[in-house]
Amino acid sequence: MSELCIRGGKRLIGDVTINGAKNAAVAILPAALLVDGISEIENLPYIDDVIKVKEAMEGLGAVTEFIDAHTLKVDASTVYDYNATQDYIGNIRASYYLIGALLGRFKKAEVAMPGGCNFGVRPIDQHIKGFEALGAKVVIEHGMIKAYADRLVGTKIYLDVVSVGATINIMLAAVLAEGTTLIENAAKEPHVVDVANFLNMMGAEVKGAGTDVIRIKGVERLSGGKYSAIPDQIEAGTYMMAAAITGGDVYVRNIIPEHMYSVSLKMIEMGIEIEEGDDYVRVIAPEILKATNVKTLPHPGFPTDLQPQMAVLLSVAKGTSTIIEGVWDNRFQYVDELTRTGANIKVDGRMAVVEGVSTLSCAKLAATDLRAGAAMIIAGLRAEGGETVITNVKYIDRGYETIEKKLAALGADIQRRPSKVTEEDC
Ligand code: EPU
């Protein structure tokens, strides 16, 4: 068990390079199970969630090998099992993609119920609706989701909620189905497009990813190839906000700036200068930030996965801001913990009102989930009076590669150490 210790007040300056997207990686890897051959996936972030998915795939018989820290070779021709139990899935949410992939490949899948960060109820009814529409019988028993089909046949599926997971999962099940599948009201996130591009590179026929309607013409088999995952929009946004809270000047590199529009434009409203290049943004922050209002929405709206980080930034902006969480029922659980720094945030259901304060103070904070943990780091970068200590770092390690090293390279005073700090240290 480790913890992160931050002495706030250092201005972040320099360059940070963004890794591949976690939420693309954890879907592309299961998608590789559909390939009757070898795929090589580059630009994978080296994070706990990716390692867990890799291990789950090995448990099913796939042979994997890291060619370098960010490139994994997957031979899925050896996959023999369709049963992914809790033992090797751990608590990751993305385990649900194994259902779509195994169902697509073997017409049967038995996968432990997905875990992941807890934002209240996280149903998978739209995934199941999609599998059933394709002809599968789905039952949930003994903590497992079991799906079986004699054959999968393409059809029209309307999603009642815009769901990233359901959109991708139905794509996975449909690429090897007979005939054509239409997913209406599909999610448009960059990682949905990335998974479609990966599948197409392997021989699938997926059109329309990135729009509301995805059309998948089933093919008989997918064969191998090389693919590089997109950069992580959420990691990029996290560093943009980290730079901004310190009044910093940071180049966030190896990104797709178009993916950042909703974030960049909100930051510009706050008085932050954002300079855009081909594959980078430069964040130049003033000393005093302005309040603004944010509503999280499916892409191209403001991403829910940057909501906690934005809340911290707004907590030191001049004036009153509001945040409406438009995706998850319960994604303000971190607020109680954050108020220990002096942040003034009041939550009412899916809305938070943030009264800007001029300083945050150091505190001992327990990360409540992945993005909340990132938000707490951002708070620590600004906090005065000593050391901010963040525990439950395991959540942060699920999604950020060497976050303390990247921040230290920008000038932050941040260290990882074994967890044993008491309140007196602050
Ligand atoms: N929903 C349903 N039924 C379903 C599926 C979803 O009602 O069958 C609802 C959810 O309850 C939620 C909304 O639809 O209110 C959107 O959920 P979605 O399915 O899009 O979320 P997800 O696929 O489970 C992914 C990311 C999350 C991210 C959301 C929204 C992965 C592994 N996870 O989750 O990422 O918050 O999309 O963009 O891709 C994170 O990275 O920190 C993270 C939580």
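Quick notes on this one:
- Number of the condition not met by residue 95 [criteria: (1) over 19 Å from the mean Cα position of the chain (by Cα); (2) within 12 Å of the ligand (Cβ to nearest atom)]: (1)
Yes/no matrix, rows are residues, columns are (1) within 23 Å of residue 191 (Cβ to Cβ); (2) part of a loop (DSSP other than H, G, I, E, B); (3) not assigned by TED's automatic domain parsing to the domain that holds residue 257:
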residue	(1), (2), (3)
306	yes, no, no
314	no, no, no
337	no, no, no
346	no, no, no
368	no, yes, no
372	yes, no, no
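- Contacts under 8 angstrom Cβ, first residue in the stretch 193-210 being closer than 20 Å to residue 298 by Cα, partner of a type in the set (S, T, N, Q), 6 or more apart: 209/197
- Residues in the stretch 140-188 that are out of contact with any helix residue (DSSP H, G or I) (no Cβ under 8 Å at 6 or more places or on another chain), within 16 Å of the ligand (Cβ to nearest atom) and aliphatic (A, V, I, L, M): 140, 162.
- Residues in the stretch 59-97 that are part of a helix (DSSP H, G or I) and at pLDDT 95 or above: 97 only.
- Criterion: buried (at least 24 other Cβ atoms within 10 Å of the Cβ), under 17 Å from residue 195 (Cα atoms) and charged (D, E, K, R) - qualifying residue of 54, 22: 22
- Hits in the stretch 365-383 (condition: more than 18 Å from the chain's Cα centre (by Cα) and not aliphatic (A, V, I, L, M)): 380, 382
- Some residue of the stretch 286-296 being surrounded by fewer than 24 Cβ atoms within 10 Å (Cβ to Cβ) and under 21 Å from the mean Cα position of the chain (by Cα): yes
- Selection count where residues are part of a loop (DSSP other than H, G, I, E, B) and within 16 Å of the ligand (Cβ to nearest atom), scope the stretch 317-335: 10
- Each residue in the stretch 4-53 was checked for being among the polar types (S, T, N, Q), more than 16 Å from the ligand (Cβ to nearest atom) and under 26 Å from residue 205 (Cα atoms), and 2 pass.
- Any hit, the stretch 262-277, residues being surrounded by 15 or more Cβ atoms within 10 Å (Cβ to Cβ), within 16 Å of the ligand (Cβ to nearest atom) and modelled with pLDDT of 95 or more: yes
- Residues (closer than 15 Å to residue 358 by Cα and more than 15 Å from the ligand (Cβ to nearest atom)) located in the stretch 278-316: 286, 287, 288, 289, 290, 291, 312, 313, 314, 315, 316
- Within the stretch 408-426, the residues that satisfy the criterion of being modelled with pLDDT of 50 or more, out of contact with any Cys (no Cβ under 9 Å at 6 or more places or on another chain) and not in a strand (DSSP E or B) are 408, 409, 410, 411, 412, 419, 420.
The values are calculated or read from the model by the stated rules, or taken from the named source; none is laboratory data. Here the structure is a predicted model, which is why all the values come from computation and not from measurement. As a convention, Cβ positions derive from the backbone with ideal geometry for all residues, glycine included, and neighbour counts pool all protein chains shown.
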